[in-house]
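These notes concern the structure reproduced below.
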Amino acid sequence: MRLDLLILESHPDFSRSRIEGLVKAGFVKVNGITAVKAGMKVSRDDEISVEVPPPVPPVPQPQNIPLDIVFEDGDIAVIDKPPGLVVHPAPGHLDGTLVNAMLHHCPDMSGIGGVARPGIVHRLDRDTSGLIVVAKSQPAMDGLVKAFSGRRGVEKTYLAICHGRPPLDAGRIENLIGRHPADRKRMAVVARNGKPAVTNYRVLAAKPAASSRKGVLSAVECVIETGRTHQIRVHLAGLSCPVIGDAVYGKSALDKALAPPPARQMLHAWKLSLRHPVTGRELRFEAPPPPDMMVYAPLFAVVADNGLRT
């Protein structure tokens, strides 16, 4: 019988759409394996486990969390997000987020673009550091949504410290990214049912890993034309150059060989350029990599105009 029908028997208060949502989010397992489709065939002898995430509060509450504000006016704020800070409330992270911090800093932005994620136009993974822009007014929100959805006048440049070295000094990766067929919490390059993903990369430097017993590390600049979930991490792993410290797509054995072992993925939203959504002014920002990343970055003799110093 179908998986969703079997779940309905034990959870009669669930709707079919909610069950489908739980499956897509990776909260349903069949015999210990994450389910792929709500309509997949199962038997009554199969072990079905359903994890129900706690509800997200409809209105995030202001919290006095320090912010590193790179730029701010009445319409937008550009934040240098530290690693470990979640962008908006979600199951497992109901508070202590960038949204909670911004609501304390700017109470008037409550409800802009929606009550659950006010001001949020784009996101960074929890363990990715660097630049993120937040809308403080509805006109700014509307303008940023159009700019980011159409990639009009927006350029985002990331710095990744990777194991290994890409096969070319520079290149363009273009494919489809979608949910991993066997693990719905992971993303993967897929042949169909994915979304176009484009990453342009350039190797800034590569040297033997002096802090490791083996291997090569490389500093890679990534300019993205699309913003798919985990895009850079998936693309670099596909080049056999996973981001250092990436617990999902990386190589834990190589991470453990580094001194010190990385506490998070070494990915940083380094540069951001965009047109101001209200005034039309061209804006460019750059955030230096945080100290934990510079433990590995000084290995590279990167020229000054790339923004790195040894």
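Considering only residues of region 154-173 that are surrounded by fewer than 16 Cβ atoms within 10 Å (Cβ to Cβ) and closer than 20 Å to Ser273 by Cβ, which is farthest from the chain's Cα centre (by Cα)?
To start, the set of residues in region 154-173 that are surrounded by fewer than 16 Cβ atoms within 10 Å (Cβ to Cβ) comprises 155, 167-172.
Filter once more, so that each one left must be closer than 20 Å to Ser273 by Cβ: 155, 170, 172.
Details: Glu155: 16, Ala170: 23, Arg172: 20 Å.
Filtering region 154-173 for residues that are surrounded by fewer than 16 Cβ atoms within 10 Å (Cβ to Cβ) and closer than 20 Å to Ser273 by Cβ, the one farthest from the chain's Cα centre (by Cα) comes out as Ala170.
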Going through region 1-30 in order, the residues found to be in a helix (DSSP H, G or I), surrounded by fewer than 17 Cβ atoms within 10 Å (Cβ to Cβ) and of a type outside the set (Asp, Glu) are Leu5, Leu8, Ser10, Arg16, Ser17, Arg18, Gly21, Lys24
Return the residues of region 31-50 that are out of contact with any Leu (no Cβ under 8 Å at 6 or more places or on another chain), assigned to a loop (DSSP other than H, G, I, E, B) and either within 20 Å of His180 (Cβ to Cβ) or of a type in the set (Gly, Ala, Ser) (or both); say none if nothing qualifies. Asn31, Gly32, Val36, Ser43
Look at Ser273 and say whether it is at positive phi and either at pLDDT 90 or above or touching a helix residue (DSSP H, G or I) at 6+ places or on another chain (Cβ under 8 Å) (or both). no
Which residue pairs have Cβ atoms under 6 Å apart, sit 6 or more places apart or on different chains, and have a first residue in region 109-125 that is over 26 Å from Ala160 (Cβ atoms) and a second that is surrounded by fewer than 16 Cβ atoms within 10 Å (Cβ to Cβ) and aliphatic (A, V, I, L, M)? Val115/Val59
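Per-residue answers, yes or no, for (1) outside the structural domain of His163 (by TED's automatic domain parsing); (2) in a helix (DSSP H, G or I); (3) at pLDDT below 95; (4) not β-branched (Val, Ile, Thr):
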site	(1), (2), (3), (4)
Ala197	no, no, no, yes
Ser212	no, no, yes, yes
Gly227	no, no, yes, yes
Gly245	no, no, no, yes
Leu254	no, yes, yes, yes
Pro277	no, no, no, yes
Arg284	no, no, no, yes
Met293	no, yes, yes, yes
Asp305	no, yes, yes, yes
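Tell me, yes or no, whether region 63-76 has at least one residue that is part of a loop (DSSP other than H, G, I, E, B) and of a type in the set (Gly, Ala, Ser). Write out each step before concluding.
Filtering region 63-76 for residues part of a loop (DSSP other than H, G, I, E, B) gives 63-68, 73-75.
Then drop every residue that is not of a type in the set (Gly, Ala, Ser), which leaves 74.
For region 63-76, residues part of a loop (DSSP other than H, G, I, E, B) and of a type in the set (Gly, Ala, Ser): present.
To keep it simple, each residue is scored yes or no on (1) aromatic (Phe, Trp, Tyr); (2) modelled with pLDDT under 90; (3) farther than 30 Å from Phe285 by Cβ; (4) in contact with a strand residue (DSSP E or B) (Cβ under 9 Å, 6 or more places away or on another chain).
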| site | (1), (2), (3), (4) |
| --- | --- |
| Asp13 | no, yes, yes, no |
| Gly21 | no, yes, yes, no |
| Ile48 | no, no, yes, yes |
| Ile79 | no, no, no, yes |
| Gly84 | no, no, no, yes |
| Val99 | no, no, no, yes |
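The values are calculated or read from the model by the stated rules, or taken from the named source; none is laboratory data. For clarity, every value in this text was computed on a predicted model and none was experimentally measured. Because the Cβ atoms are built from the backbone with ideal geometry, glycine has one as well, and the counts that use them run over all protein chains shown.
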